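The values are calculated or read from the model by the stated rules, or taken from the named source; none is laboratory data. Predicted, not measured: the structure shown is a model, and the values here were computed from it. For neighbour counting, all protein chains shown are included, and Cβ atoms are generated from backbone atoms with ideal geometry for every residue, glycine included.
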Amino acid sequence: MRALMAHVQREWQRYWGRRGDVIQAPLIFCLVCILFPLGGVPSPDHLARYAPAVIWAASLIACVFGLETLYRQELSEGWVDAMLLAPLPLPLVLLVKSLMHWLFTGLPVALLAWPLGKALYFPDAALQLLILSLLLGTPVLVLLGGIGAGLTAGMGRGGLLMSLLLIPMYVPVLIFGAGVGVAAHDGLPATAQLYLLACMLLAAIVLAPWASAAALKISAESS
Amino acid sequence: MWLWFHRLGSPPSFYPFAGRLAVILAVPGVLLLLHGLYGALLSAPADYQQGEGYRIIFVHVPAAWLSLFVYSGMAVAAVIALIWRMKVAEVFIVDAAWLGAGFTAVALATGMLWGKPMWGTYWVWDARLTSELILLFLYLGVLALDQALHDERQAARACSLLALVGAINVPIVHYSVEWWNTLHQGPTVSKFDSPSMDSRMLWPLLEMALATSLLFGTIVLVRMRASLLWRERHSRWVREMLRN
Amino acid sequence: MQEFIEMGGYARYVWPSYGLFLLMLLGSWGTAIHRGRQIRRRIAQLDNANNS
């Protein structure tokens, strides 16, 4: 337990130390959201109709961009080898790492969705539910992303390949996450979608770290 | 049984076995394909709603069926490859992925060609078409990962893991797309849902599906033989066999 | 015969479907065999290079 706390603290310091680097993902999120009104018709009803899709697609893209930094520095520092020998099991280490990564990339995205949703004329009551869906869904994106990042960790330019691997896997999260926004916008209940997202989150917390650990081990094997 | 399984897992004994099996599967595969094509194009009567256009089903359904079947086969092979590190299973995953991607692309293309006269448009955001499209990207992901990793052993293990994760994902994608679809789709799609098929239509369909599966077996075995040779190019059995 | 080719007016959709299906099956079979030959040749070249 004490080892875990120490590990959490170390991870916090790592991420705090490179906050300038990590914050790029939320900025990408803002930029992608801005592209849609510029590329389409900036009238309130058009934008509000598509706001859930825009916000979710943008957070997906931002998440994939952010994941590139998940293991990049760690590999060059020999962090992976150190963690393989550490007293904590690797899946637990990676779970802590994913949650920390989410704190610095996913959480800002969910918070930024508030002003951006308003800018897209999305109604307030629905926006609250949409943000709840982001809070439940973005950790799933990060946890699943750990698998893709682990598989491509050894490569020089794994980012492009990682997006190709991850985006198809993100489809269910997008469907239910944006589904919350669409239902709320139409005044329909969105509880079913929120429960499904919560289910995905629980499943991802339990299963994804194991797969990420296996992926990282495969990447570390011969590099 | 276990011993037999174990022995086949080693490339030197799998290689000749695969060659024989490929021929054994190819002969009934080709015969069934020819008979199935005859049945599909000539002996099956025209559909009373869709006319002759429904004949696309005889190639569309086998391709779509194989696209799912191949992915589940890859998932089984992935488990074997990750637990027992069996080379034959590792090779199967990537070689099957090539064919699976092909079947998926054919299923999509024929689905679109069927959709144009029946739905009036090449593409509708129908649940099955959409999840098939995502399946295509899952296949392409496996292939891209294999191409990107230069170490063959590492590439095979990475692809196994990805195939396994993808296999867990396929049903989730399917059901989520279906749920999304029932929410947004009008009732146009079910217009052609026939309650039961005439046996003169059903038999060619089953024949085509079986023939496609057999030929998939043949082709994947031929591919696997080549991949195994290359993977084992430094080992003695390959050298000795090629010298003779 | 003419009737068969016309496919009740659906020829534009039916024949490309069958064509693509057969092209995929036979094409992948052909490339698989070709790839096998190529790999045998490459290994033989490697072997020769090592021996000489």
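There is no residue in the stretch B:107-120 that is buried (at least 19 other Cβ atoms within 10 Å of the Cβ) and under 29 Å from A:Ala153 (Cα atoms).
Restricting attention to the stretch B:141-159, report how many residues are more than 7 Å from chain A (Cβ to nearest Cβ) and at pLDDT 90 or above. Result for the stretch B:141-159: 7. B:Val170 falls short of the stated requirement of being modelled with pLDDT of 90 or more and of a type outside the set (Gly, Ala, Ser). Restricting the first residue to the stretch C:1-16 and requiring it to be within 7 Å of chain B (Cβ to nearest Cβ), which pairs with a second residue that is small (Gly, Ala, Ser) meet a Cβ separation below 7 Å and a spacing of at least six or different chains? The qualifying pairs are C:Gly8/B:Ala46; C:Gly8/B:Gly51; C:Tyr10/B:Gly51; C:Tyr10/B:Gly53; C:Tyr13/B:Gly53; C:Val14/B:Gly53. Scanning the stretch B:160-173 for residues that are surrounded by fewer than 21 Cβ atoms within 10 Å (Cβ to Cβ) and more than 9 Å from chain A (Cβ to nearest Cβ) gives B:Ala167, B:Val170, B:Pro171. When every residue of the stretch B:191-206 is checked against the conditions, at least one turns out to be assigned to a helix (DSSP H, G or I), aromatic (Phe, Trp, Tyr), at pLDDT below 90 and surrounded by 17 or more Cβ atoms within 10 Å (Cβ to Cβ). Among residues of the stretch B:30-42 that are free of Cβ contacts under 8 Å to residues at least 24 places away in the same chain and within 8 Å of chain C (Cβ to nearest Cβ), none has a Cβ under 7 angstrom from a residue that is of a type in the set (S, T, N, Q) and buried (at least 19 other Cβ atoms within 10 Å of the Cβ) at a sequence gap of 6+ or on a separate chain. Hey, does the stretch C:35-46 have a residue that's more than 9 Å from chain B (Cβ to nearest Cβ) and among the basic types (Lys, Arg)? Within the stretch C:35-46 (the criterion being more than 9 Å from chain B (Cβ to nearest Cβ) and among the basic types (Lys, Arg)), the answer is yes, since at least one residue qualifies.
A:Val80 fulfils the conditions (1) in contact with a Lys or Arg (Cβ under 9 Å, 6 or more places away or on another chain); (2) not in a helix (DSSP H, G or I) except for a single criterion, (2).
For the residues B:Leu135, B:Leu162, B:Leu129, the requirement of being under 12 Å from A:Leu161 (Cβ atoms) and in contact (Cβ under 8 Å) with a residue 12 or more places away in the chain singles out B:Leu162. Looking at C:Gly30, is it more than 7 Å from every other protein chain (Cβ to nearest Cβ) and either at pLDDT 80 or above or in a helix (DSSP H, G or I) (or both)? So C:Gly30 passes the test.
Residues considered: B:Leu99, B:Leu133. Of these, the only one that is at pLDDT 90 or above and within 11 Å of chain A (Cβ to nearest Cβ) is B:Leu133. Whether any residue in the stretch A:88-108 is at pLDDT 90 or above and of a type in the set (Ser, Thr, Tyr) is what I want to check. Yes, the stretch A:88-108 has at least one match. Looking at the stretch A:155-175, is at least one residue free of Cβ contacts under 8 Å to residues at least 24 places away in the same chain, more than 14 Å from the chain's Cα centre (by Cα), facing chain B (nearest Cβ under 10 Å) and within 23 Å of A:Leu129 (Cα to Cα)? Within the stretch A:155-175 (the criterion being free of Cβ contacts under 8 Å to residues at least 24 places away in the same chain, more than 14 Å from the chain's Cα centre (by Cα), facing chain B (nearest Cβ under 10 Å) and within 23 Å of A:Leu129 (Cα to Cα)), the answer is yes, since at least one residue qualifies. One residue stands out among those in the stretch C:14-52 that are more than 23 Å from B:Arg233 (Cβ to Cβ), hydrophobic (A, V, I, L, M, F, W, C) and surrounded by 15 or more Cβ atoms within 10 Å (Cβ to Cβ): the one that is farthest from the chain's Cα centre (by Cα), which is C:Val14.
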